[in-house]
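In what follows, a single structure is set out as structure tokens and then discussed.
Every number here is computed from the coordinates shown, using simple stated rules; none is lab data. As the structure is a computational prediction, the values presented were derived from the model and not from experiment. Virtual Cβ from ideal backbone geometry, glycine too; neighbours counted across all protein chains shown.
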Amino acid sequence: MNGFKKYAAEFVGTCVLVTIGCGTAAALGCDGASIDAAYVLTALAFGLSIVAMAYSIGNVSGCHVNPAVSLGMLLSGRMSGRDFGGYLVAQFLGGVLGAALVGAFMGWNGKFGANGLYDGDVALSLLVELVLTFVFVMAVLGATDKAENASVAGLAIGLSLTLVHILGIHFTGTSVNPARSLGPALFTGGAALSSVWVFFVGPLAGGALAAGVYRLVSGKPKPE
């Protein structure tokens, strides 16, 4: 039952993240080309969604709502392989439902806040996603490493997600989260769906790298 509660929390949290973050991008017409109010508000929508969920479900599941974060936790020895699998299923399903809600709000022929390659450049898009996810997952690992940080960890993580969006929206729309990318890509189709693998590989590589670097700089022993 405890496992189900954690997975349900991850499902709800990821759904909220995609609904609010991608819904804001779609509603305001944020395309990354113009640095305007829509750009800033979209970055804030993603970050504030994490803040809201961290203080809602953080005590249940830790509020990963992101396979890259869960991978970082797994490689850091902070979660089991069984929970990792359960979290991934819940996160991807939550992301699909979130995108479906965006469609219900905005219309099925509209935009879903899907990610896209920067100028069609796969290598640059992968690099952007890897670096931004590395920064974000490092922040998550550091903020959640000590129990005394619990009261401010959600705020720090939400602000970190806002930070990476401020740079990344211009390039790829900012994924740093495969579950955030899959749902919108499924409903958008076309180029968004054919390139969605970039937004799996880049964030997961960034999450894995963050786990290794954080272990090195924090002096944590390698998990058994």
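When you check N177 against the structure, is it crowded, with 21+ Cβ neighbours inside 10 Å and either closer than 21 Å to S76 by Cβ or among the acidic types (D, E) (or both), yes or no? Answer is yes for this residue. If you check F134, F92 for being crowded, with 22+ Cβ neighbours inside 10 Å and at negative phi, only one passes: F134.
Scanning the range 102-131 for residues that are touching a residue at least 60 places away in the same chain (Cβ under 8 Å), outside any loop (DSSP other than H, G, I, E, B) and of a type in the set (F, W, Y) returns a single hit, F105. Scanning the range 140-157 for residues that are closer than 23 Å to L75 by Cβ and assigned to a helix (DSSP H, G or I) yields V140, L141, G142, A143, A147, N149, A150, A153, G154, A156, I157.
Just one residue in the set F187, F171 is in contact with a strand residue (DSSP E or B) (Cβ under 8 Å, 6 or more places away or on another chain), among the aromatic types (F, W, Y), touching a residue at least 40 places away in the same chain (Cβ under 8 Å) and surrounded by 17 or more Cβ atoms within 10 Å (Cβ to Cβ); that residue is F171. Scanning the range 199-224 for residues that are surrounded by fewer than 24 Cβ atoms within 10 Å (Cβ to Cβ) and either touching a Phe, Trp or Tyr at 6+ places or on another chain (Cβ under 6 Å) or under 18 Å from D121 (Cβ atoms) (or both) returns F200, V201, A205, L209.
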